[in-house]
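Enquirer: The structure's right below; bear with me while I get my questions together.
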Amino acid sequence: MNIKIKKIINKKNKSKIVCLTAYSKNIAEIIDKHADIVLVGDSLGSVIYNYSTTRKVDLKMMLEHTKSVRQGVKKSLLVIDLPYNTYRNKSEALKNSKKAIKETKCDAIKIEGGTRVKHIVTHLVKNNIPVMGHIGVTPQTVKGKFKSKGKTKLEKQKLIRDAIALEKSGVFGIVLECVYGDTSKRITNLIKIPTIGIGASVNCDGQVLVTDDILGLTGAKIKFIKRYANIKKEISSAVSKFKQEVKSKRYPSKKYSY
Ligand code: KIV
């Protein structure tokens, strides 16, 4: 097993796992210093390309962004999301996972779904592809507004079944998205691999957020998003200063001219 994956699994019940998204080298370089896992999420569809759904993201886009991110990631585990319609059956999933790992040199792939994708995960793991699971709200299949999962008895039972199925298939970790706190706790206590929550309470073994959201670059208004900076303001201020200096001919001064 990949040593970085072993380290992630060993953190369970010892130290919380930190995961953040990155879509390009410069941000990845910063995140790599702090995170355990860097995820090239297909959330880049909405964050960068302003798509209404992650379904419009294709493999080519994911590969190009991951190649860029790879250059900034030295120590963290680098995970790529397989986008919609790239893992509809075992052979398609294996072909695309191999392509992703070969071309981007990422460490693992992430796919959405529970029991539904069990046979696919088993096939990938058998072929030495490290896989991360993702259950709860799964944006590739969600229609309309995001709603939390796992509050009703039926939903809770389904999520538990999904998590167990994924663990048995060989995933090394599972993202729980928008999962009710009690259900996250039950799943986290039940399985031996780590759970990484996004809007799934403090009961998970780790947390993931979209970096652009925590930096204040997006205007996303979702309950679980906490803004740790207002980078938009910083950028605006720098751009405005540049504009003023260009207009007043203070830039470029002698120092910045040949
Ligand atoms: O696409 C993504 O960025 C994700 C995380 C938010 C979990 O799947």
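The values are calculated or read from the model by the stated rules, or taken from the named source; none is laboratory data. In this text the structure is predicted, and so the values were computed from the model without any measurement. Cβ: placed from backbone, ideal geometry, glycine included. Neighbour counts: every protein chain shown. Remember, those area values only see protein heavy atoms, side chains included, never the ligands or the DNA or RNA. Shrake-Rupley method; radii C 1.70, N 1.55, O 1.52, S 1.80 Å.
Enquirer: If a/c stays under 1.5 just call it rounded; otherwise compare a/b with b/c (prolate if a/b is bigger, oblate if not). Do that for segment 150-256, with a ≥ b ≥ c from the square roots of the Cα gyration tensor eigenvalues. Walk me through the numbers before you get to the answer.
Expert: Values: a/c = 5.29, a/b = 3.26, b/c = 1.62.
Here segment 150-256 falls in the prolate category.
Enquirer: For segment 166-248, with all protein chains present and a 1.4 Å probe, just round the carbon and sulfur fraction of the accessible area to a whole percent. Working shown, then result.
Expert: Values: 2510 of 4520 Å².
C and S atoms contribute 56 percent here.
Enquirer: For the chain, rounded, prolate or oblate, judged on the Cα gyration tensor with a ≥ b ≥ c (square roots of eigenvalues), a/c < 1.5 rounded, else prolate if a/b > b/c? Could you put the intermediate results ahead of the total?
Expert: On the way: a/c = 2.01, a/b = 1.67, b/c = 1.20.
It comes out prolate by the Cα gyration axes.
Enquirer: I would also like to ask the following. Taking the Cα centre of the chain as origin and charging only Cβ (+1 Lys, Arg; -1 Asp, Glu), how large is the dipole, in debye to the nearest 20?
Expert: On the way: 53 positive and 21 negative charges, 55 e Å.
Approximately 260 debye in magnitude.
Enquirer: Moving to a separate point now. What shape does segment 52-103 take by its C-alpha gyration tensor, where a ≥ b ≥ c are the square roots of the eigenvalues and a/c under 1.5 counts as rounded, a/b above b/c as prolate, and the rest as oblate?
Expert: On the way: a/c = 2.33, a/b = 1.41, b/c = 1.65.
Oblate is the answer for segment 52-103, as a/c is 1.5 or above yet b/c matches or exceeds a/b.
Enquirer: With a sphere of radius 12 Å drawn around the Cβ of residue 75, what net charge do the other residues whose Cβ falls strictly inside it have (Lys, Arg +1; Asp, Glu -1)? Please report the intermediate quantities before stating the final value.
Expert: Details: positive: 4, 7, 33, 74; negative: 29, 32, 36, 107.
With Lys, Arg at +1 and Asp, Glu at -1, the neighbours total 0.
Enquirer: Okay, next question. Tally Lys/Arg at +1 and Asp/Glu at -1 over every other residue whose Cβ is under 13 Å from the Cβ of residue 95; what's the total? Spell out each step's value before the answer.
Expert: Details: positive: 88, 90, 98, 99, 102; negative: 92, 103.
Net local charge, residue 95 excluded: +3.
Enquirer: Need the full-extension length gain, residue 103 to residue 244, defined as separation in residues times 0.36 nm minus the C-alpha distance. One decimal, nm.
Expert: Working: separation 141, 0.36 × 141 = 50.76 nm, distance 4.36 nm.
46.4 nm is the gain from fully extending residue 103 to residue 244.
Enquirer: Output the relative contact order of segment 1-143, whole-number percent, from Cα pairs under 8 angstrom with separation of 6+ residues. Present the calculation step by step, with values, prior to reporting the outcome.
Expert: Numbers: 237 pairs, mean separation 29.3, N = 143.
The value is 20 percent.
Enquirer: Please build a GNM for the chain, connecting alpha carbons under 10 Å apart, and tell me which residue among 11, 156, 247 fluctuates the most.
Expert: Top of the fluctuation ranking is 247.
Enquirer: Among the aspartates and glutamates, select those whose C-alpha is under 17 Å from the C-alpha of residue 4, and discard any that sit fewer than 8 residues away in the same chain.
Expert: Excluding near neighbours in sequence, the set is 32, 36, 107, 205.
Enquirer: Each label point is 7 Å from the Cα along the Cα-to-Cβ direction; what then is the distance between the points at residue 221 and residue 24, in nm?
Expert: Output for this residue pair reads 2.8 nm.
Enquirer: To continue, here is another question. Set Lys and Arg Cβ to +1 and Asp and Glu Cβ to -1, take the dipole of the chain about its Cα centre, and tell me which of 142, 159, 236 lies farthest positive.
Expert: Farthest towards the positive pole: 236.
Enquirer: Around residue 14, what is the net charge, scoring Lys/Arg as +1 and Asp/Glu as -1 over all other residues with Cβ under 14 Å from its Cβ?
Expert: Details: positive: 6, 7, 11, 12, 16, 192; negative: 36, 205.
Neighbour charge sum, excluding residue 14 itself: +4.
Enquirer: Take every DSSP beta bridge with both residues inside the chain and express the antiparallel ones as a percent of the total, to the nearest 5. Numbers along the way, then the final one.
Expert: On the way: 1 of 29 bridges.
Around 5 percent of the beta bridges assigned by DSSP in the chain are antiparallel ones.
Enquirer: Once you've got the GNM for the chain with C-alpha springs shorter than 10 Å, pick whichever of 101, 48, 37 has the biggest mean-square fluctuation.
Expert: 48
Enquirer: Could you report the chain's accessible area per residue, 1.4 Å probe, as an integer in Å²?
Expert: On the way: 14360 Å² over 258 residues.
The answer is 56 Å² per residue.
Enquirer: Might you work out the accessible area of residue 227 for me, using a 1.4 Å probe with all protein chains in place, and round it to the nearest 10 Å²?
Expert: 100 Å²
Enquirer: How much mean residue ellipticity at 222 nm does the chain get from its helices, if each DSSP H run of length 4 or more adds -39500 (n - 2.57) and you divide by all residues, to the nearest 500 deg cm²/dmol?
Expert: Numbers: 10 runs with 104 residues, N = 258.
My calculation for the chain gives -12000 deg cm²/dmol from helical runs alone.
Enquirer: Another question, then. Taking segment 146-197, which chymotrypsin sites (Phe, Trp or Tyr not before Pro) meet the DSSP loop condition and have no more than 16 other C-beta atoms within 10 Å? Show your work: numbers first, answer last.
Expert: On the way: sites: 146, 172, 180; in loops: 146, 172, 180.
Here the chymotrypsin sites (Phe, Trp or Tyr not before Pro) that fit, given the DSSP loop and packing criteria, are 146.
Enquirer: Rank these by accessible area, largest first, 1.4 Å probe: 88, 70. Working shown, then result.
Expert: Working: 88 145, 70 50 Å².
The most accessible residue leads, giving 88, 70.
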